[in-house]
Amino acid sequence: MIIKNVELKNIRSHKNTSITIPRGVVLIKGEVGSGKTSILDGLKFALFGSFQNAETLLRVGENQGEVSVTLDRDGSDIIFKRILKRTKTGFSSNEIIVIENGIERRISDGEMRNYISKLFRVKFERAKD
């Protein structure tokens, strides 16, 4: 499983950024505040949906943002897209799209968790209070 591309739209300092990730070891460098951590936070948000205060990901003054991640799995691409929206009562990040073999599906957060769990062979545990 290889990350091929990350797209950030209205995510913190990224208005519309597309990053192609080459094979091998990757170094992300830049000035303080240039958006390095936002790339990693975007990856985490897109794949796992977990981010404390997800609303801090949304670019100031915007009502919607999204992160798309393209993975190469044995020569075929899988695209995960998670959309973050400002609502009347706060924020929503439950809109998730998976594109696999050219077929686009909208899935729930629970379905995404199961999909990622199987894909990466990881087990999700609920946080304890």
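Data table
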read-out	value
Strands (runs of 3 or more DSSP E) enclosed by the range 53-129 - at least 1 residues per element that are within 13 Å of the chain's Cα centre (by Cα) and of a type in the set (Asp, Glu)	64-73, 91-100
Residues (part of a helix (DSSP H, G or I) and basic (Lys, Arg)) located in the range 27-44	LYS36, LYS44
Subset of the range 1-45 [open to solvent by less than 30 Å² (accessible area, probe 1.4 Å) and in contact (Cβ under 8 Å) with a residue 40 or more places away in the chain]	ASN5, VAL6, LEU8, ASN10, ILE11, HIS14, LEU43, PHE45
Looking only at the range 52-67, and only at residues there that are open to solvent by less than 70 Å² (accessible area, probe 1.4 Å) and among the acidic types (Asp, Glu), the one that is nearest to ILE79 (Cα to Cα)	GLU66
The lone exception for ARG73 - which of (1) at pLDDT 90 or above; (2) more than 21 Å from THR37 (Cα to Cα) it fails	(1)
Any chance ASP72 is under 19 Å from THR17 (Cα atoms), touching a residue at least 12 places away in the same chain (Cβ under 8 Å) and open to solvent by 20 Å² or more (accessible area, probe 1.4 Å)	no
Check on GLY90, modelled with pLDDT under 90 and out of contact with any strand residue (DSSP E or B) (no Cβ under 9 Å at 6 or more places or on another chain)	yes
Single residue of the range 32-70 satisfying the filter (at pLDDT 90 or above and among the acidic types (Asp, Glu)) that is farthest from ILE2 (Cα to Cα)	GLU62
Options ILE99, ILE83, ILE103; residue that is closer than 22 Å to HIS14 by Cβ, open to solvent by 30 Å² or more (accessible area, probe 1.4 Å) and modelled with pLDDT of 90 or more	ILE99
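The values are calculated or read from the model by the stated rules, or taken from the named source; none is laboratory data. Please read these numbers as outputs of a predicted model, since none were measured by experiment. Don't worry about glycine lacking a Cβ; one is built from the backbone with ideal geometry, like all the others, and counts go over all protein chains shown. Keep in mind that these areas ignore ligands, DNA and RNA; they rest on the heavy atoms of the full protein, side chains included. Shrake-Rupley method; radii C 1.70, N 1.55, O 1.52, S 1.80 Å.
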